[in-house]
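This report refers to the structure that appears directly beneath it.
The values are calculated or read from the model by the stated rules, or taken from the named source; none is laboratory data. A quick note: this is a predicted structure, and the numbers were derived from the prediction, not measured. Cβ placement follows ideal geometry from the backbone for every residue including glycine, while neighbour counts extend to all protein chains displayed.
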Amino acid sequence: MIKLTIDNRSVEVPAGTSVWQAAKSVGIEIPTMCYLEGTEHFTSCMICLVKDAKNGRFFASCSTPAFEGQSIITSDEETIESRKAALELLLSEHVGDCEAPCQLVCPAHMNIPLMNRLIAKGDFAKALEVVKRDIALPSILGRICPAPCEAGCRRKQVDEAVSICLLKRYVGDEDLKSENPYQPQLAEFSGKKVAIIGAGPAGLAAAYYLQIKGHQAVIFEKNSKAGGELLQIDQEILPSEVVEQEVAQIVATGVQIRLNETINDNRFAELQSEFDAVVVANGTIPEESSAFGLKVTKAGIIANKSSYQTSIPKVFAVGNTLRASKLAVRSVGQGKEVATVIDNYFKTAEVSGYPERFNSKFGRLAEVEFIQYKKDSETAPRQKADKSGFTREDAIREAKRCMHCDCRNPESCVLRELSDRYQAVQKRFQSDERWNVEKFIHREGIVYEPNKCIKCGICVRLTRQHQEEFGFTFIGRGFDVKVGVPFNESVQRGLEKTAELVAKACPTGALSMFNMEEQI
């Protein structure tokens, strides 16, 4: 046995143990991307850098044996900065989007590509579940939203954008017609209560997501019906029964709506005493309004842009109270976000901003890349619909036009998780030119996107270990080296035995299974 010190902690391990394993044995986490238990060492990612406390030198902990008397530092400022730089070097050649452009420009940040894939499979129930994670009023927004997501759709560069709004409307309408409409799983009741002033899109969405998270939401609405400005829209565009049905679905979760209740300054003060939090969502603030004593500008109530907290600590404001807008989807998105902020506030007693994750993105497609993205979609023209919306067949056909611009591995991608943790800057070491996107797709097997590969060598080691006839190997030399199948064989030939194994082990979205079960 040998003794060493890691972060001022005494550690005793068998001779031959790596520094990374020694740290792990006492619960000290050192991140890595190229290390895989059960395979030989292959130092490449340099994310596992640690510092020798005696001479200040950095080294890769996953492949360096520990020795007697060694003193290691794993998490000082200099070490953290070195890992961040290593990540940024990897990101400089990483050509791929964590989330599709359509999702990024959607004010509610809905997972549009996942909805499209589920519709394409004919799984409308799961598609609706995906929509309702971010949009509480899909049938309403499917009729009135100006579709900023479609402006961001990459299919628009090829021919015409995917009809995202009509697809969202289709799954929403199918649910409204169902004998057993979708009911979200509700968290256990927390004992917390939230007052929401206003039953427009922002207030309804805030109430819906707060209720799902286990907090009793009570909406106070001055009018005799819920819906706010939605009720003023032309019936030909948005029938009142659609509004009533979607409001009823929100009420079915346990949300309480108290109609014909006008909140004045005195009642507002009472709400702050009676409830654990208050959300102001009663629309544009008239000039003569006192705005309940909250700080305001000419635009509306002043609130933190990320947390929606106002000048009164447990009062939050969303929707048109902040700034007049005709984008109901923005109000719905803010309602969802403020519910998350309040939920975290109840759990931690601190107000923090709505959480945002790191997103790799590379911009517009080059024309030579169109064919790569069309491999993931069908070439049919954009489907047309009359005022009644899509038929089932049209919805499936239109959804299949989606080019799958998002990553197939966005939730478990180690590169994304670490870039988020270390606040990596993707453009720090990027050159003006990038590699063109390539996609090798087998619709009953593996998908390989080499420009997302970080050359960690895990797939090379696994295919060698499992004695693939061809397997993966490093091709080329120096900066031009790539991972691929030798002798110009197909990816399928290279991974006849190990496709699922290497897809699961890949630390990025470079390797994945085409028909992997969607995580919703």
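Listed values, structure above:
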| read-out | value |
| --- | --- |
| Residue in region 161-178 that is assigned by TED's automatic domain parsing to the domain that holds D123, touching an Asp or Glu at 6+ places or on another chain (Cβ under 9 Å), surrounded by fewer than 19 Cβ atoms within 10 Å (Cβ to Cβ) and at negative phi present | yes |
| Residue tally, condition farther than 27 Å from I237 by Cβ, assigned to a helix (DSSP H, G or I) and in contact with a helix residue (DSSP H, G or I) (Cβ under 9 Å, 6 or more places away or on another chain), over region 377-420 | 3 |
| From the options L91, L49, residue that is touching a residue at least 60 places away in the same chain (Cβ under 8 Å) and not assigned by TED's automatic domain parsing to the domain that holds C506 | L91 |
| Candidates E444, E489, E468, E449 - the one that is within 23 Å of R416 (Cα to Cα) and among the charged types (D, E, K, R) | E449 |
| Members of region 161-193 that are among the small types (G, A, S) and modelled with pLDDT of 95 or more | A161, S163, G172, A187, S190, G191 |
| Helices (runs of 4 or more DSSP H) wholly inside region 46-145 that include at least 1 residues being over 22 Å from the mean Cα position of the chain (by Cα) | 77-91, 138-144 |
| Among residues of region 95-126, those that are of a type in the set (V, I, T) and over 20 Å from K336 (Cα atoms), counted | 2 |
| Qualifying residues in region 462-519 (those that are of a type in the set (G, A, S) and assigned to a helix (DSSP H, G or I)) - the one farthest from the chain's Cα centre (by Cα) | G478 |
| Qualifying residue in region 415-428 (condition: under 28 Å from Y170 (Cβ atoms), over 21 Å from the mean Cα position of the chain (by Cα) and basic (K, R)) | no |
| Sole exception among (1) more than 15 Å from R401 (Cβ to Cβ); (2) modelled with pLDDT of 95 or more; (3) buried (at least 18 other Cβ atoms within 10 Å of the Cβ) for G96, by number | (2) |
| Residues of region 430-455 that turn out to be crowded, with 18+ Cβ neighbours inside 10 Å, farther than 26 Å from L49 by Cβ and of a type in the set (V, I, T), as a count | 3 |
| Boolean, S388 is surrounded by 16 or more Cβ atoms within 10 Å (Cβ to Cβ), hydroxyl-bearing (S, T, Y), out of contact with any His (no Cβ under 6 Å at 6 or more places or on another chain) and in the same structural domain as M115 (by TED's automatic domain parsing) | no |
| Residues within region 344-389 that are without any contact (Cβ under 8 Å) to a residue 24 or more places away in the chain and among the hydroxyl-bearing types (S, T, Y), tallied | 3 |
| Unique residue being surrounded by fewer than 18 Cβ atoms within 10 Å (Cβ to Cβ) and touching a Phe, Trp or Tyr at 6+ places or on another chain (Cβ under 8 Å) when the list is V485, V502, V481, V491 | V481 |
| Some residue of region 408-429 being surrounded by 16 or more Cβ atoms within 10 Å (Cβ to Cβ), in the same structural domain as T508 (by TED's automatic domain parsing), of a type in the set (F, W, Y) and more than 24 Å from I112 (Cβ to Cβ) | no |
| Unmet criterion (only one of (1) under 32 Å from the mean Cα position of the chain (by Cα); (2) in contact (Cβ under 8 Å) with a residue 12 or more places away in the chain) for K24 | (2) |
| Count - residues of region 159-185 that are closer than 15 Å to R382 by Cβ and among the hydroxyl-bearing types (S, T, Y) | 2 |
| Residue count for region 177-198, restricted to those that are without any contact (Cβ under 8 Å) to a residue 12 or more places away in the chain and either aliphatic (A, V, I, L, M) or not in a loop (DSSP other than H, G, I, E, B) (or both) | 1 |
| Selected residue (criterion: nearest to E274 (Cα to Cα)) from residues of region 219-251 that are of a type in the set (S, T, N, Q) and buried (at least 16 other Cβ atoms within 10 Å of the Cβ) | Q249 |
| Odd one out for S307 among (1) modelled with pLDDT under 95; (2) under 20 Å from G214 (Cα atoms); (3) not basic (K, R) | (1) |
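Yes/no per residue for (1) of a type in the set (A, V, I, L, M, F, W, C); (2) on the phi > 0 side of the Ramachandran plot:
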| site | (1), (2) |
| --- | --- |
| P313 | no, no |
| T340 | no, no |
| N344 | no, no |
| A349 | yes, yes |
| R357 | no, no |
| R364 | no, no |
| F370 | yes, no |
| R392 | no, no |
| A399 | yes, no |
